[in-house]
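Trainee: Can you keep this structure in mind? I'll have questions shortly.
The values are calculated or read from the model by the stated rules, or taken from the named source; none is laboratory data. Predicted, not measured: the structure shown is a model, and the values here were computed from it. So basically every Cβ, Gly included, is an ideal-geometry build from the backbone, and we count neighbours across all protein chains shown. Surface accessibility is based on the protein's heavy atoms, side chains included, excluding ligands, DNA and RNA. Shrake-Rupley method; radii C 1.70, N 1.55, O 1.52, S 1.80 Å.
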Amino acid sequence: MLQQTDVMCELVEDIQLKTKEFLHPNPASRAKMSAVKGISKLSGQAKAQTYPQPEGVLGESMITFGKKLGDDSLYGTWIIVEVIACTVREKLC
């Protein structure tokens, strides 16, 4: 029980941070990644890492914490199901 409480505290903190990034993306980070990608193309290096989309990062975080909470946790199961349902809705539209 104590472990689930710790995971819930981590989950709340992480979800708050990732939701803030999702709602208010940092344009400086995006510009920096774009500049690095342009420089790597000019120098002929391998393909640069793409900008991580905030909605993807938030979804991955929710799935990770849902798995940490375990199958016996209704909240953990609900998080995973909700993320999958949102993903399906986005793919269909």
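Trainee: What distance in nm separates the simple spin-label points at Glu13 and Gln53, each placed 7 Å from Cα in the Cβ direction?
Mentor: 2.9
Trainee: Mind giving me the FRET efficiency for Tyr75 and His24? R0 is 25 Å, r the Cβ-Cβ distance, nearest 0.05 is fine.
Mentor: It comes out at approximately 0.45.
Trainee: Using a 1.4 Å probe and counting only protein heavy atoms, arrange Asp14, Asp6 so the residue with the most accessible area comes first.
Mentor: Ranked from most to least accessible, the order is Asp6, Asp14.
Trainee: Per residue, how much space in cubic angstrom lies within the convex hull of the C-alpha atoms of the chain?
Mentor: Each residue corresponds to 131 Å³ of Cα convex hull volume.
Trainee: Expressed as an acute angle from 0 to 90° and rounded to the nearest 10, what is the orientation of the C-alpha long axis of helix 2-23 relative to the principal long axis of the chain?
Mentor: Tilt relative to the chain: about 40 degrees.
Trainee: Pairs Lys18/Lys67; Lys18/Lys91; Lys37/Lys91; Lys41/Lys67; Lys41/Lys68; Lys68/Lys91: which exceed 29 Å Cα-Cα?
Mentor: Lys41/Lys67; Lys41/Lys68
Trainee: At 222 nm, what helix-only mean residue ellipticity would the chain give, in deg cm²/dmol to the nearest 500, using -39500 (n - 2.57) for each DSSP H run of four or more?
Mentor: Mean residue ellipticity, 222 nm, calculated: -27000 deg cm²/dmol.
Trainee: A further question follows. Sort Cys86, Cys9 by accessible area with a 1.4 Å probe, largest first.
Mentor: Heavy-atom accessible area, descending, gives Cys9, Cys86.
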